[in-house]
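Worksheet: one structure, shown below.
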C-alpha cells in the first residue's frame, strides 16, 4: 500500500492521487483527508497502516534486518521502529512530507518527500487563527497547541533520523518551501538511505510529478519494503 499525504489546508483525493494510481496500477493507494490536529492525523494514519500490516504473515526486507519491538509503544517517543509485516510506503507533499518522513521512520519504510516542510512547528506559525481549506472551502482553526504537538513530533523524528530511507524531490521555483532550506536541513543529518533531486517546477509540483512517479528508480525505491 502507498499512503499519499497532502499538504496544509488541503485534502486527500485529487490530481496527485490519480497520478500515483496511474504510476502504480497494482498498488492500493490511500489518500486520506487528514484531521487538523497533527496527533489526530497520525493516529488516523497509523491505525489504517497497522490494520493493513498486522494480518499479514510476511515480513518485509527491511523488517528482517530489525529487532522485534514492542507494539505498544506510544505515538511520541516510542522505543523504536514498528516492524513492517506487509508492504507500505509513504508519499508526502509539503506539510504532508513531514508526516511521510515521520511515518517512514516509525515503520522503517521508504518515504518520498516532495517539497517537504521539515520544521512545521516553525514554518506554519504564520497561519495561526482561522483558515480556509483550499480544496473544500471549509473553515478550520489552526491552534497554538498544534505547534506544541509538532515540536514533540519533530524531536521524536530527529532522534531516529539515522535510519531514514528518503527520496527528496524539490521544485527549483518553489517560493513557499525554499529548496535551499530543505537542502540545508538534510545536509546536517546522517541518513541511512537518502537521495535528493531537483526539478524545474513550483510548489504544487503537478507538472513534474508524473515524470517522478514513473522514474524506474523511484518506483523501485517505493516498492523495496
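Using the Cβ-Cβ distance between residue 1 and residue 162 with R0 set to 22 Å, the FRET efficiency from 1/(1 + (r/R0)^6) comes to roughly 0.30. Here r is the Cβ-Cβ distance between residue 119 and residue 13 and R0 is 30 Å; the resulting FRET efficiency, rounded to 0.05, is 0.65. The range 137-190 and the range 17-42 have Cα centres lying 18 Å from one another. Under 10 Å, Cα contacts only: if you run a Gaussian network model on the chain, which one of 95, 140, 194 comes out with the highest mean-square fluctuation? Comparing 95, 140, 194 in a Gaussian network model of the chain, the most mobile one is 140.
Stretching residue 211 away from residue 44 to a fully extended chain increases their span by 57.1 nm, per 0.36 nm per residue minus the current alpha-carbon distance.
Running a GNM on the chain with Cα contacts under 10 Å, which residue among 184, 123, 203 ends up with the highest mean-square fluctuation? For the chain, modelled as a Gaussian network with Cα springs under 10 Å, the answer is 184.
Each label was represented as a point 7 Å from its Cα along the Cα-to-Cβ direction; for residue 180 and residue 136 these points are 3.8 nm apart.
Among 29, 168, 145, a tally of other beta-carbon atoms within 10 Å of each Cβ gives an order, fewest to most, of 145, 29, 168.
Stretching the chain fully between residue 224 and residue 198 yields a gain of 7.1 nm (0.36 nm per residue, less the alpha carbon separation).
Among 112, 44, 220, the order by Cβ neighbours within 10 angstrom, fewest to most, reads 220, 44, 112.
Bear in mind these aren't lab numbers, they're just calculated from the coordinates by the rules spelled out. If you're wondering where the values come from, they're calculated on a predicted model, not measured in any experiment. For neighbour counting, all protein chains shown are included, and Cβ atoms are generated from backbone atoms with ideal geometry for every residue, glycine included.
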